[in-house]
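Chemist: Okay, here's the structure, questions in a sec.
The values are calculated or read from the model by the stated rules, or taken from the named source; none is laboratory data. The model shown is predicted, which means the values in this text are computed figures rather than measured ones. Positions of Cβ are backbone-derived with ideal geometry, glycine not excepted, and every protein chain shown enters the neighbour counts.
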Amino acid sequence: MYLTSDEERALEGEYGETVRKSMEILVALGKIYSADRLIEVESVQISGISYRNIGDPGIEWLESLNARVRVPTLINPAGMDIHRWQDMGITEEFARKQMRILNALKKIGAKPELTCTPYYILKPSKGDHLAWSESSAVIYANSVIGARTNREGGPSAIASALTGKTPRYGMHIRENRAPDVIVDVNLKLKSHEYSLLGYMIGEEVGDRIPLFIMKGRPSEEDMKSLGAGLASTGGIPMFHVKDVTPESNEFDMPKERMVVENLENPQGCEDPDLIAIGCPHLSGRELKKISNLLNRKVKKELWIFTSRYVRNRIPEVIRKIEMSGARVYTDTCMVVSPATERFGCVMVNSGKALCYLPKLSGLRVKFGSLEECVEEAMK
Ligand code: F3S
């Protein structure tokens, strides 16, 4: 793999031990994936920072870092709302450890914006190279924006933040972004069904990039839900929607074809004690819609997740939602926070939450539309 003289010096330790180790991670990855060189990235998003996931060894590693980020760096949701963790039922010990993680990330210069929708804060342009790590953010960046990022692990994203580089392989190379299989969707989908479609199709497409042919034009939020569902059951970093996503007409049509005639709603339980909305984190437009649906007080716990950035921009909308008794949490989500574990049956409108809540928190999950979720909370 070709390295510039500056990269060689970084690898020899001229910029300190942390940068040396970061360069070592990137070069090792580059060798595994046959990258020809390193390229510069415009921004980084670091995931895997909930204390629930990384525990004490993760804290110690983050606190040992001694360098500053070279490019704008945001962070994925943590295990709690950093101001309202008590309200969520998070223990003091967990909160203390979670704050140590966030302080270590702040010390290296990462912005304390804890969200899986970094594109609402730092919107990349088509063709930008990134090193993002949250699967739903990665698939959105590649597919809906046309930026280029592999799905980074926590350590490789941090290595990219501290060097401003990533190895050139995978999604950074145009040919690897071509679709492999057409998915003909013979249904007119409602918004929440994009999420269910992603959840259902993810496993079937495996690591092949799908080119969806849809009846009707999905909104950006629909594609956010579709991508999050696909990336949770499948793990692919990209999809195309014919005539909608930016690169959908740049490649030859694949020969392989799948047809979707119907969607099944996999109900895990009937009577939810928590309704959780906001996987991925909600946009301002989605929050506005919820505030309009909430026309009376909620009778069940309704937790809504968004970024602090979005929340702070629409205080009136948030006030109206919270007047109903629902809570709008930031910095965290229903999957990465241990706070949801005390419930039995959770209702969601997200294919990704449907995939992960049973696996990670042992919860049963009911799936419905946004409207059905809000209605259930007010019942
Ligand atoms: Fe985001 Fe949490 Fe869902 S990180 S995509 S809200 S699992």
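Chemist: Working only within the range 126-145, note down all residues that are small (Gly, Ala, Ser) and either within 16 Å of residue 73 (Cα to Cα) or buried (at least 20 other Cβ atoms within 10 Å of the Cβ) (or both).
Modeler: 131, 133, 135, 136, 137, 141, 143
Chemist: Something else about it: Determine if the range 287-300 includes at least one residue that is over 30 Å from residue 362 (Cβ atoms), small (Gly, Ala, Ser) and crowded, with 17+ Cβ neighbours inside 10 Å.
Modeler: Yes.
Chemist: Same structure again: How many residues, within the range 236-292, are within 16 Å of the ligand (Cβ to nearest atom) and modelled with pLDDT under 95?
Modeler: Of the residues in the range 236-292, 1 are within 16 Å of the ligand (Cβ to nearest atom) and modelled with pLDDT under 95.
Chemist: Being in a helix (DSSP H, G or I) and touching a residue at least 40 places away in the same chain (Cβ under 8 Å) is the filter here; which residues of the range 333-348 pass it?
Modeler: Scanning the range 333-348 gives 338, 339, 340, 342.
Chemist: State all residues of the range 137-151 that are in a loop (DSSP other than H, G, I, E, B) and within 16 Å of the ligand (Cβ to nearest atom); if no residue qualifies, say none.
Modeler: Of everything in the range 137-151, those that are in a loop (DSSP other than H, G, I, E, B) and within 16 Å of the ligand (Cβ to nearest atom) turn out to be 149, 151.
Chemist: Given (1) in a loop (DSSP other than H, G, I, E, B); (2) surrounded by fewer than 19 Cβ atoms within 10 Å (Cβ to Cβ); (3) under 21 Å from the mean Cα position of the chain (by Cα), identify the lone condition not met by residue 203.
Modeler: All conditions are met except number (1).
Chemist: Under the condition of being touching a residue at least 60 places away in the same chain (Cβ under 8 Å), assigned to a loop (DSSP other than H, G, I, E, B) and not hydroxyl-bearing (Ser, Thr, Tyr), which residue from the range 116-136 is nearest to the ligand (Cβ to nearest atom)?
Modeler: Filtering first and then ranking leaves 116.
Chemist: Looking only at the range 175-182, decide whether some residue is modelled with pLDDT of 95 or more, surrounded by fewer than 19 Cβ atoms within 10 Å (Cβ to Cβ), assigned to a strand (DSSP E or B) and out of contact with any His (no Cβ under 9 Å at 6 or more places or on another chain).
Modeler: yes
Chemist: Hey, another quick one. Of 92, 193, 113, which residue is more than 30 Å from residue 1 (Cβ to Cβ), surrounded by fewer than 24 Cβ atoms within 10 Å (Cβ to Cβ), charged (D, E, K, R) and within 16 Å of the ligand (Cβ to nearest atom)?
Modeler: 113
Chemist: Here's another thing I want to ask about it. May I ask you to verify whether residue 296 is more than 16 Å from the ligand (Cβ to nearest atom) and under 24 Å from the mean Cα position of the chain (by Cα)?
Modeler: no
Chemist: Residue check: is residue 161 among the small types (Gly, Ala, Ser) and surrounded by 22 or more Cβ atoms within 10 Å (Cβ to Cβ)?
Modeler: yes
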